[in-house]
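**Q** Sending over a structure as structure tokens; questions will come in a sec.
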Amino acid sequence: MHRLMYVALFCGLSATLVLGAPHQGAEQRPTISVETDLVMLPVTVVDRRGEFVTGLTREQFDVYDNGEKQAVQFFTSEEMTATVGIVIDCSTSMRARRDDVTAAATAFARSAHPLDEMFSVNFNERVWQGLPSGVIFAADVDQLHRALARAPALGMTALFDAVDRALDHLQLGTRDRKALILVSDGGDNASAQTLRAVLGRARRGSAVIYSVTLTDPDSHDARPEVLRTLARETGGDVFVPRRADDVMKAFTRIGQEIRSGYMLGFSPPTVANDGFRAIRVVANSGDGRQLTVRTRAGYYAGPHDEGLR
């Protein structure tokens, strides 16, 4: 069977470390690494009011691969550490909202798990790392704040190139969950990459993409549907803030979701055809409540089609 994913399972030892500290020479929690053919799914469950549902058990989930029910072979509901990239549009269209985004992203970092790994990617018509050269993840919140605040808002927009760069950087992370928070209006007029290529990469990876959509009513280049697609295909969510406090609420909600989800794993059918296979996860509340489950749209079996790159 084609090996689908490499899974790192982390032991729950307590520690007090700042963001990204394992890459700054600090002591790191022991890890147990196993090679497995399990498909791993980060899963979020909400009720009809949109409130997160915690405390469910393995038996309350059903997983379907191309419509066929599969046994859940791995399950955890414990809070997980995360590798998170904050990808911020620094083009001219974002100028009026940059201070709001910087404040919200900084507050998000302050409320994160102390072992989370964080970095930022800035982009206009070019893409660059927000952290100083040679720094992989922020050593503390102040360093991340400086990375977020120092980029001017001007120029055109290379959104797809930025997402592609951020997906590359996520692979340097070692945490249980991987996520990107993408702040943009969805427009792109300067990328070498295409939406098809970036979407293909996102589908093959394990990162959940959250989109914070900031649109200017006078902009003709905004494409919020692009941000919705990236979020939907990876199991993330979309936020459309109107005011400064809405931006803060969006980042707060994303932080809560990263910490309150589940991780499920299943072994795909041995006769699975190569190509994209659709995933559906159903949760039974046990008390009649209607639950909504959000996870990745699917996974790829068989050899990767590098032509998408």
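**Q** List the number of the failed condition for residue 172; all other conditions in (1) closer than 30 Å to residue 56 by Cα; (2) outside any helix (DSSP H, G or I); (3) modelled with pLDDT of 95 or more hold.
**A** (1)
**Q** Return the residue satisfying two criteria in turn: it lies in the stretch 69-90 and is farther than 30 Å from residue 161 by Cβ and among the acidic types (Asp, Glu), and of such residues it is modelled with the highest pLDDT.
**A** 78
**Q** Right, something else. Counting just the residues of the stretch 126-161 that are hydrophobic (A, V, I, L, M, F, W, C) and part of a helix (DSSP H, G or I), which one comes out surrounded by the fewest Cβ atoms within 10 Å (Cβ to Cβ)?
**A** 149
**Q** Determine, yes or no, whether residue 211 is polar (S, T, N, Q), over 23 Å from residue 297 (Cα atoms) and either touching a residue at least 12 places away in the same chain (Cβ under 8 Å) or surrounded by 19 or more Cβ atoms within 10 Å (Cβ to Cβ) (or both).
**A** When the stated conditions are applied, residue 211 does not pass them.
**Q** Of the conditions (1) closer than 26 Å to residue 82 by Cβ; (2) modelled with pLDDT under 95; (3) surrounded by fewer than 18 Cβ atoms within 10 Å (Cβ to Cβ); (4) among the β-branched types (Val, Ile, Thr), residue 271 clears all except one; give me its number.
**A** For residue 271, the failing item is (1).
**Q** Which of the residues that make up the stretch 52-70 are surrounded by 11 or more Cβ atoms within 10 Å (Cβ to Cβ) and either more than 12 Å from residue 284 (Cβ to Cβ) or among the hydrophobic types (A, V, I, L, M, F, W, C) (or both)?
**A** Result: 52, 53, 54, 56, 61, 63, 64, 65, 66, 68, 69, 70.
**Q** Something else about it: Conditions: (1) buried (at least 20 other Cβ atoms within 10 Å of the Cβ); (2) touching a residue at least 60 places away in the same chain (Cβ under 8 Å); (3) among the charged types (D, E, K, R). Residue 164 meets all but one. Number of the miss?
**A** Exception for residue 164: condition (2).
**Q** Given the conditions (1) over 19 Å from residue 254 (Cα atoms); (2) without any contact (Cβ under 8 Å) to a residue 40 or more places away in the chain, which single one is not true for residue 92?
**A** (2) is the only condition that residue 92 fails.
**Q** Count, please, the residues in the stretch 70-102 that happen to be more than 20 Å from the chain's Cα centre (by Cα), of a type in the set (Gly, Ala, Ser) and not in a loop (DSSP other than H, G, I, E, B).
**A** 2
**Q** Take the residues in the stretch 274-284 that are touching a helix residue (DSSP H, G or I) at 6+ places or on another chain (Cβ under 8 Å) and modelled with pLDDT of 95 or more, then tell me which one is nearest to residue 75 (Cα to Cα).
**A** Among those that are touching a helix residue (DSSP H, G or I) at 6+ places or on another chain (Cβ under 8 Å) and modelled with pLDDT of 95 or more, it is 283.
**Q** Does any residue of the stretch 181-203 turn out to be assigned to a loop (DSSP other than H, G, I, E, B) and under 13 Å from the mean Cα position of the chain (by Cα)?
**A** no
**Q** Quick one: what pairs do we get from the stretch 168-181, first residue in the same structural domain as residue 211 (by TED's automatic domain parsing), second buried (at least 20 other Cβ atoms within 10 Å of the Cβ) and of a type in the set (Asp, Glu), C-beta under 8 Å, 6+ apart or different chains?
**A** 173/117; 174/117; 175/116; 175/117
The values are calculated or read from the model by the stated rules, or taken from the named source; none is laboratory data. Since we're looking at a predicted model, the values are computed, not measured. Neighbour counts are summed over all protein chains in view; Cβ atoms, including those assigned to glycine, are modelled from backbone coordinates with ideal geometry.
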